[in-house]
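Encoded as structure tokens, the structure appears first; notes follow it.
The values are calculated or read from the model by the stated rules, or taken from the named source; none is laboratory data. This structure is a prediction, so every number in the text was calculated from the model and none was measured. Using ideal geometry, Cβ is built from the backbone for each residue, glycine included, and neighbour counts are taken over all protein chains shown.
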Amino acid sequence: MRIEDWAAARQRMVERQILSRGVADRRVLDALSAVERHRFVPVDVRDLAYTDQPLPIGDGQTISQPYIVALMTELLDPQPGDTLLEIGTGSGYQAAVLSSLVAQVYSIEILEPLAEEARARLEELGYRNVTVRCADGYRGWPEHAPFDGIVVTAAPPSVPQPLLEQLAVGGRMVVPVGDAFQELQVIVREDSGFTVRRSIAVRFVPMVGEAQQG
């Protein structure tokens, strides 16, 4: 497919799958229009890159459907000077979307092959403000905390306490929570504690590692 054909497919994706379903933040829509999702999926499913569905990326993991990426980004409400933490790099697509919206993205992936591939892909595509680390995301990345926002792209049974502790006052975390049935939560840290707003029912791969130990 030619570059202009990919661009047209991407624009149709934004208009028909994202804008039409209520995501209205212009910066988020522009980011989804700019990031070449077909570069973040395996070649054998590349022709499906701009359809509104999750796609396999190897190691039993998936890239989220574009609408969910857009919704989670809008709920996070990222600002230009923010430093963000992402748990679950996957192929690097969500990090790439966030890259143009904030100052710095730190992203953790527990599976080494995916972490290495995402790091190389993001570097090749010029996303210089994204740093990828292979580790268990349950403990976050305390060296760079506090974070203005945290986005979790795998579902823990409950929200990891270390991630709550690494959220700056006034910061937001967007996280799918639950086992078989999950809900997307928006958690805001305030001076006196945390507030939780429930968004929609979702289905994510489970957050593995320490998150599953009780």
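Give A120, A95, A135 a once-over and let me know the one that is exposed (fewer than 14 other Cβ atoms within 10 Å of the Cβ), at pLDDT 95 or above and within 25 Å of V41 (Cα to Cα). Outline the logic, then answer.
Values: A95 fails: exposed (fewer than 14 other Cβ atoms within 10 Å of the Cβ); A135 fails: exposed (fewer than 14 other Cβ atoms within 10 Å of the Cβ).
None of the other options fit; the residue is A120.
Would you mention how many residues in the range 149-159 are touching an Asp or Glu at 6+ places or on another chain (Cβ under 9 Å) and either among the small types (G, A, S) or surrounded by fewer than 22 Cβ atoms within 10 Å (Cβ to Cβ) (or both)?
Qualifying residue count, the range 149-159: 3.
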- [ ] Collect the residues in the range 78-137 that are among the acidic types (D, E) and under 12 Å from T153 (Cβ atoms), keeping them in residue-number order.
- [x] E86, E109
- [ ] Only residues that are without any contact (Cβ under 8 Å) to a residue 12 or more places away in the chain, surrounded by 14 or more Cβ atoms within 10 Å (Cβ to Cβ) and more than 16 Å from M72 (Cα to Cα): list them for the range 8-45, please.
- [x] V45
TODO: Would you check which residues across the range 129-152 are touching a Phe, Trp or Tyr at 6+ places or on another chain (Cβ under 7 Å) and in contact (Cβ under 8 Å) with a residue 40 or more places away in the chain and list them?
DONE: W141, H144
Open item on the list: Given the criteria closer than 20 Å to R37 by Cβ and touching a Ser or Thr at 6+ places or on another chain (Cβ under 9 Å), does V177 qualify?
Closed with: no
Task: Identity of the residue in the range 46-68, farther than 20 Å from L122 by Cα and of a type in the set (S, T, N, Q), that ends up surrounded by the fewest Cβ atoms within 10 Å (Cβ to Cβ) - done: Q53
TODO: Would you please name the residue that is surrounded by the most Cβ atoms within 10 Å (Cβ to Cβ), looking only at residues in the range 165-177 that are out of contact with any Phe, Trp or Tyr (no Cβ under 9 Å at 6 or more places or on another chain) and within 14 Å of S199 (Cα to Cα)?
DONE: V175
Task: Selection count where residues are buried (at least 16 other Cβ atoms within 10 Å of the Cβ), of a type outside the set (A, V, I, L, M) and out of contact with any His (no Cβ under 8 Å at 6 or more places or on another chain), scope the range 105-117 - done: 3
Task: Filter pass, P56 being farther than 17 Å from V14 by Cβ, in a helix (DSSP H, G or I), touching a residue at least 12 places away in the same chain (Cβ under 8 Å) and not acidic (D, E) - done: no
- [ ] Would you be able to tell me the number of residues in the range 90-105 that are touching a Leu at 6+ places or on another chain (Cβ under 9 Å) and either closer than 12 Å to L32 by Cα or in contact (Cβ under 8 Å) with a residue 60 or more places away in the chain (or both)?
- [x] 7
- [ ] For residues that are part of a helix (DSSP H, G or I), among the hydrophobic types (A, V, I, L, M, F, W, C) and within 27 Å of E183 (Cα to Cα), tally how many sit in the range 115-161.
- [x] 2
TODO: Filter the range 184-214 down to the residues that are among the acidic types (D, E) and modelled with pLDDT of 90 or more, then identify the one that is surrounded by the most Cβ atoms within 10 Å (Cβ to Cβ).
DONE: E190
Open item on the list: Where the second residue is aliphatic (A, V, I, L, M) and not in a loop (DSSP other than H, G, I, E, B) and the first is free of Cβ contacts under 8 Å to residues at least 40 places away in the same chain and lies in the range 199-213, which pairs have Cβ atoms under 8 Å and are six or more apart or on separate chains?
Closed with: A201/L184
